[in-house]
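Asks: Questions regarding the structure given below will be posed in turn.
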Ligand code: PNS
């Protein structure tokens, strides 16, 4: 068994992310989900603490999975989490282009390896960005997230939160 690190901005965590966590859990046995800052996404709908709370609700019932907020680089966070491998899900070739570059940087920085898992085809269309956009317009995303996340999105938009 190895502990692996699944990083992301998770704004919010959705069922596509959960599939990646489940695959990592099945293969490696122990998973740390890390809420991290993505410099290309400066502002978010949920705060880091809220994202952790919603990610915990999403992975509920999986004793091999923990969730935390981390700062700095993914390689620093992985080391802090005691993880020897980073696991990322791939939806499209667009994902692969950037993920491959990050994986190559990460192994060059600290030697930490990245393992890619293909996302489930029936969840390939799910993204946090589209979830924020769809829910901001009052349309249900209940098929893409766990109920706690759907409720949090409804509350946030009812309170005037942006997309
Ligand atoms: O869910 P996202 O937004 O695709 O996740 C991207 C994330 C947060 C994993 C990525 O931006 C990241 O690793 N950020 C931490 C800073 C870092 O390590 N950058 C890469 C340097 S090669």
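Please treat every number below as a calculation from the coordinates, not as lab data. What you see is a predicted model, and the numbers here were worked out from it, not measured in a lab. In this analysis, Cβ positions are derived from the backbone assuming ideal geometry, glycine residues included, and neighbour counts consider all displayed protein chains.
Asks: Using the Kirkwood radius over C-alpha pairs as Rh, can you work out the diffusion coefficient of segment 55-104 via Stokes-Einstein at 20 °C, viscosity 1.002 mPa s, in µm² per second?
Replies: Answer from the Stokes-Einstein relation: 167 µm²/s.
Asks: So what is the relative contact order of segment 3-124, in percent, for Cα pairs below 8 Å that sit 6 or more residues apart?
Replies: For segment 3-124, the relative contact order is 32 percent.
Asks: When the Kirkwood hydrodynamic radius is evaluated over all pairs of different C-alpha atoms of segment 70-163, what value in angstrom, to one decimal, is obtained?
Replies: Values: mean 1/r = 0.0645 Å⁻¹.
When all Cα pairs of segment 70-163 are included, the Kirkwood radius is 15.5 Å.
Asks: Roughly how far apart, in whole Å, are the Cα centres of segment 1-73 and segment 88-163?
Replies: Between the Cα centre of segment 1-73 and that of segment 88-163, the gap is 10 Å.
Asks: Between residue 101 and residue 133, what is the spin-label point distance in nm, taking each point 7 Å from the Cα along the Cα→C-beta axis?
Replies: 2.2 nm
Asks: Ok, one more. Top mean-square fluctuation among 122, 19, 11, Gaussian network model of the chain, C-alpha springs under 10 Å?
Replies: 122
Asks: Counting each DSSP H run of 4 or more residues in the chain as -39500 (n - 2.57), what helix-only mean residue ellipticity at 222 nm follows after dividing by all residues, to the nearest 500 deg cm²/dmol?
Replies: When only DSSP H runs of four or more count, the value is -13500 deg cm²/dmol.
Asks: While we're here: Please quote Rg/Rh for segment 1-132 to two decimal places, taking the Kirkwood radius as Rh and restricting both calculations to Cα atoms.
Replies: My calculation puts Rg/Rh at 0.92.
Asks: Neighbouring Cβ atoms within 10 Å as the yardstick, rank 98, 126, 27, 86 fewest first.
Replies: Listed from fewest to most nearby Cβ atoms, that is 98, 27, 126, 86.
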